[in-house]
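Data first, discussion second: the structure below is written as structure tokens.
The values are calculated or read from the model by the stated rules, or taken from the named source; none is laboratory data. Not measured: the values here are computed from a predicted model. All Cβ positions, glycine included, derive from the backbone under ideal geometry; neighbour counts span all protein chains shown.
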Amino acid sequence: MTFMSTTGQAPVPPAGPRGPLGPLLMTPGRWVALAVGVPVALALIGWTGFSLVTTVARGSYPFSYTIPVQDGQVAVNINAGDVTLQQAPGASRTVRLAGTVQYGLIRPGISESVTPTGANIGMDCNGINTNCGMSASLDVPARTAVTLWSNGGNITASGFSSGVSLSAAGGNVTGTNLAGNLQLDSGGGDLSANGLTGALQIATEGGNVNGDDWTGTGTTRVDTGGGDMTVNGLTGNLQLSAEGGNVDASGVAAALVGMDSGGGNVTLALTQVPQNLQITTEGGNVTVILPLGSTTYDISTPDNQGANVSIPQSLSSSTSTHKITIDSAGGDITVS
């Protein structure tokens, strides 16, 4: 039986199977795509495989060096890895650096050299061996001053009373219960320090500073290089600079205080009547909390640029010998 369409036309017979396609024409654009894409794809495959191998094939080996002590001082420069500085056990008179080298596919060498300025510990890590590094402990006898440099690794130190100079060149620095001539510099990493006593110089060059219970002999100097500063329980004269970061200092017992936030906000709570307090924020807000009592202050705000200034009249006296100068350059000022 033959069916006709409703329009009166015969149905179109189904199309037959398509024949084979012809060869793909290689245009100049396609040749360029192949020339660029194939090497890139092979390189990515190779690098992914190499990275996987170096991640899985991790190795390690221990090391130990004896470091000489000269005139009651020791200096050590480490070019890779984290270091923990600790007091040597018992009555030991030997400084020893011991730890573990970690590496990926290629085993790096480690070397020691001694110069008049101290000991240098080096590793021949390279760009291919991405998992190359070390973790070590430096055991130092009591009553030995320490100078320790780490080229980017973290430094942790505690329990020394003969003076410590620590420089991490980008790593974090953590110090606890240190005394003497103290110089701590993270070189860009964060710095945390609790229980410091002595001549204090703290710097981070961009990292944050967190501290508690500092007693300075002389003027304590802190410079974050742009990071925030949060400190509590400071005794002694202070010179603080954040260069753009915020400053929050509480429990401060100091006669002389100088602060420069470089644009950040400043909050300062004092437990001792200051003799001379100078704060510059370059646009940041300032909050000063003075100790309870009947003391009055000669307070001036020379460059507030019309910002809100709140100072109780009972605190102000132009004849007072206790001087407070706050230059906010536009930031709000509150004194209470």
(request) From 167, 192, 135, grab the single residue that is in contact with an Asp or Glu (Cβ under 7 Å, 6 or more places away or on another chain) and either closer than 25 Å to residue 266 by Cβ or modelled with pLDDT of 95 or more (or both). (result) 167
(message) Looking only at segment 93-129, filter to residues that are buried (at least 19 other Cβ atoms within 10 Å of the Cβ) and outside any strand (DSSP E or B); which one of those is nearest to the chain's Cα centre (by Cα)?
(response) 125
(request) Would you please name the residue that is nearest to residue 250 (Cα to Cα), looking only at residues in segment 284-336 that are within 32 Å of the chain's Cα centre (by Cα) and among the hydroxyl-bearing types (Ser, Thr, Tyr)? (result) 287
(request) All but one of (1) closer than 18 Å to residue 331 by Cα; (2) aliphatic (A, V, I, L, M); (3) out of contact with any Ser or Thr (no Cβ under 9 Å at 6 or more places or on another chain) hold for residue 255, so report the exception by its number. (result) (1)
(request) Filter segment 274-306 down to residues that are more than 14 Å from residue 328 (Cα to Cα) and hydroxyl-bearing (Ser, Thr, Tyr) and give me whichever is surrounded by the fewest Cβ atoms within 10 Å (Cβ to Cβ). (result) 294
(message) Which condition from (1) closer than 24 Å to residue 199 by Cβ; (2) of a type outside the set (Asp, Glu); (3) modelled with pLDDT under 95 is the one that residue 307 breaks?
(response) (1)
(request) Name the one entry in 189, 152 that is farther than 24 Å from residue 69 by Cα and surrounded by 18 or more Cβ atoms within 10 Å (Cβ to Cβ). (result) 189
(request) Kindly check whether there is at least one residue in segment 300-319 that is without any contact (Cβ under 8 Å) to a residue 40 or more places away in the chain and under 21 Å from residue 219 (Cβ atoms). (result) no
(message) I'd like to check something: does segment 291-304 contain any residue that is touching a Pro at 6+ places or on another chain (Cβ under 9 Å), part of a strand (DSSP E or B) and not charged (D, E, K, R)?
(response) yes
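Considering only segment 226-250, how many residues are among the charged types (D, E, K, R) and at negative phi?
Total satisfying the criteria: 2.
Residue by residue, here is whether (1) part of a loop (DSSP other than H, G, I, E, B); (2) at pLDDT 95 or above holds:
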residue: 205; (1), (2): yes, no
residue: 215; (1), (2): no, yes
residue: 233; (1), (2): no, yes
residue: 237; (1), (2): no, yes
residue: 240; (1), (2): no, yes
residue: 249; (1), (2): no, yes
residue: 263; (1), (2): yes, yes
(request) Please enumerate the residues belonging to segment 203-223 that are surrounded by 18 or more Cβ atoms within 10 Å (Cβ to Cβ) and closer than 23 Å to residue 142 by Cα. (result) 214, 216
(message) If a residue counts only when it is closer than 16 Å to residue 216 by Cβ, touching a strand residue (DSSP E or B) at 6+ places or on another chain (Cβ under 7 Å) and not acidic (Asp, Glu), which strands (runs of 3 or more DSSP E) contained entirely in segment 150-199 have at least 3 such residues?
(response) 173-185
